[in-house]
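Following: one structure in structure tokens, then a few remarks.
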Amino acid sequence: MVYSPTSGTIATSTGTVVLGIRDSKNSGVVVSLSGTHSGFTVVFEGSIDGTTWYKVPACKLASGNLEVGSTALADNATIGFYLASGVFGKVRVRATARTSGTLAVSMLAAPSSVNPVNNMQYYVAEDIGKKSVAIAAGTTGANTVAVSSGPGILHKIVVTTAGATAGVIIYDNATTNSGTKVYSSAATHALGVYDIKMPFVNGLTVRKDSTTAAFTIIYSLIN
């Protein structure tokens, strides 16, 4: 099947460029970002119906790193990503921050056989409908973040920025860092996707000891 590219520009902090996929079940998307731009942060998202959008893992082609959530772009950078579009009928690049300039976006749908990262299709399909919370890098000492309340399952941790000492502990607690530990990391935490698959009863609270580490927690609640 022959696919047609889509090109567009983003010149605001909330702008988007959307690509419709004709054969979404067996395709990936290559995205090229370029232009004269400063202070841009983008997210990659997919939709089944064009109304509800979910975050899509993106493989940075220059490094092979797998990223989920917000991606800060170096000023005036030209960079490519591969998105495993999975079951989605549309994918989009959406800006969440901008200082100045215009981001040029080109997207091309392609067969999933060109997928540069093993199991990317698995991560897209499996995480539809799950909740995610981004834990940003801090500016002071250790910090504690209450994520959710109620029972559920902690599915994954996606480390988007590694810290020198990226120690992370996640507790089965809705409000504070005490009680049963659902997950405890090593002293340093490399970039990547970590499968956890651990149940919790009371909720999730994260204790992060690094000021430079950032990551996304993927979980679901049991009604």
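Taking segment 162-192 as the range and being at pLDDT 75 or above, surrounded by fewer than 19 Cβ atoms within 10 Å (Cβ to Cβ) and not basic (Lys, Arg) as the test, the residues that pass are ILE169, ALA174, THR175, THR176, ASN177, SER178, GLY179, THR180, TYR183, SER184. If the Cβ limit is 8 Å and pairs must be 6+ apart or interchain, which residue in segment 77-95 that is in the same structural domain as VAL29 (by TED's automatic domain parsing) pairs with which residue that is surrounded by fewer than 24 Cβ atoms within 10 Å (Cβ to Cβ) and basic (Lys, Arg)? Matching pairs, first to second residue: ILE79/LYS60; GLY80/LYS60; PHE81/LYS60; GLY86/LYS25; VAL87/LYS25.
Scanning segment 72-112 for residues that are hydroxyl-bearing (Ser, Thr, Tyr), assigned to a strand (DSSP E or B) and under 14 Å from the mean Cα position of the chain (by Cα) yields TYR82, THR96. Criterion first (modelled with pLDDT of 90 or more and in contact with an Asp or Glu (Cβ under 7 Å, 6 or more places away or on another chain)) does ARG98 satisfy it? Here the answer is no, as ARG98 does not meet what is asked.
Selection of segment 45-62 for residues being modelled with pLDDT under 85 and of a type in the set (Asp, Glu) yields only ASP49.
The values are calculated or read from the model by the stated rules, or taken from the named source; none is laboratory data. None of the values given here were measured: they were computed from a predicted structure. FYI the Cβ positions are ideal-geometry reconstructions off the backbone, even for glycines, and counts take in every protein chain you see.
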